[in-house]
Amino acid sequence: MGIRRQVYSYADNFPPVWATQLGVRSPRGVDLDPALFSAYAGADGMTQEICPPGAFAAAVPGSTKFRVLPRTRLTAASATNSPTLNVSKHTAQFFIAGDTLTVAGQSTTITLANAWVAGETLTITVEGRSWVYTVPNPAPASLTLLAADIAAKLRQSSLNDLVEVVPGVGILLLISLRDVAAAFTVAETSSSGTALPSSGNFAAGASLGTVQSVTYNPNTDTHQITLSGNAATALPIGTPVGDMRYSPAGLGLMSPGVAIDLLREPNTYQACFTAMSVYRDRLPYWDGQLSRLFPEITLV
């Protein structure tokens with residue numbers, strides 16, 4: 001006989017993230033600290049701290065408690081004349097005032113310029129492994145479209161286990177999946193086009209700034225983080241960002257079947273799952289580092 005425990009109606013607003021319960025493994029648990037999660041007003045005006053299913057746990061340096069992994073993706077490009085960041089749904093509350101936001105991993109950028117024509121090539125080498133992009137015929141009509149085409153093909157290339165790529169307006173943001181300052185080179189055969197790397201190796205993720213406040217309202221579909229000053233770096237839409245002082249290593253995905261109410265004990269005690277099959281589009285957050293750390297969490 002199957003038993004379903006349903007205590008709070010909000011649980012049905014967040015569908016389970018697991019695709020199947022076969023092969024599920026949970027080797028350890030954590031005790032989450034509600035003080036490291038932003039409270040917000042629910043539809044009834046009551047204070048809530050609701051974490052959707054499928055968030056990851058993170059260690060808190062110097063504490064025996066844990067927190068929800070403070071990471072998200074930009075849903076609009078950050079601008080250096082604004083402190084407001086628009087982020088993925090149901091992730092703004094993962095952050096609190098004082099968190100320091102950077103690109104989520106060692107990163108570098110390639111800035112594209114001038115005209116590129118069909119047949120010209122761009123060679124990207126990471127950790128001694130090279131991949132060659134050839135400009136198609138017809139060539140992309142703008143540098144932004146060129147960056148998007150390079151990114152789409154790079155994701156299917158021999159480098160896809162080494163880097164995550166995010167295209168922007170004439171730029172490519174590459175994020176190392178290895179947590180190391182990997183060697184990195186770029187070469188091109190264009191007669192006029194250029195591809196300039198920001199450095200010769202991956203470096204600590206570019207800083208955005210310090211979190212001042214969080215605006216999370218699921219009823220109005222508002223998911224924003226406000227920094228204490230204007231964003232320090234312009235980053236493209238889709239960039240994974242977070243406070244990298246908090247690591248998910250050795251932990252796992254929490255509560256794949258129901259949302260977590262952190263203000264009601266014993267809900268702060270959560271199992272960490274390291275093996276399961278999940279729906280990618282239902283996860284609040286996922287990135288290449290999580291894919292590397294948890295190879296037995298498969299996406300469907």
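Observations on the model:
- Backbone phi angles across region 149-163, fed through the Karplus curve with coefficients 6.51, -1.76 and 1.60 (θ = phi - 60°), yield HN-Hα couplings of 5, 4, 4, 4, 7, 5, 5, 9, 9, 6, 9, 5, 9, 10, 9 Hz in residue order; Gly and Pro are listed as x.
- Volume of the convex hull of region 196-290 (Cα atoms only), normalised per residue: 181 Å³.
- Accessible area (Å², 1.4 Å probe, nearest 10) - Y285: 20 Å²
- Cα-only Debye scattering, the chain: base-10 log of I(q)/I(0) at q = 0.13 Å⁻¹: -0.94
- Sequence-separation-based contact order of region 91-236, relative, with Cα cut under 8 Å and 6+ spacing, percent: 35 percent
- The listed residues W286, W18 rank as W18, W286 when sorted by accessible area, largest first, using a 1.4 Å probe.
- Note on exposure: E49, E265, E164, E127 ranked by accessible area (1.4 Å probe, complete protein assembly) read E265, E127, E164, E49, with the most exposed listed first.
- Heavy atoms of R129 accessible to a 1.4 Å probe, total area in Å² rounded to 10: 80 Å²
- Only helices enter this figure: runs of n ≥ 4 DSSP H residues, each worth -39500 (n - 2.57), summed and divided by the residues of the chain, yield -1500 deg cm²/dmol at 222 nm to the nearest 500.
- For V163, residues with placed amide H under 5 Å, excluding near neighbours: L177
- Max mean-square fluctuation residue, GNM over the chain, Cα-Cα springs under 10 Å, options F14, F56, F95: F14
The values are calculated or read from the model by the stated rules, or taken from the named source; none is laboratory data. Because the structure is predicted, anything quoted here is derived from the model rather than measured. Note: accessible area is taken over every heavy atom of the protein model, side chains too, but ligands, DNA and RNA are not part of it. Shrake-Rupley method; radii C 1.70, N 1.55, O 1.52, S 1.80 Å.
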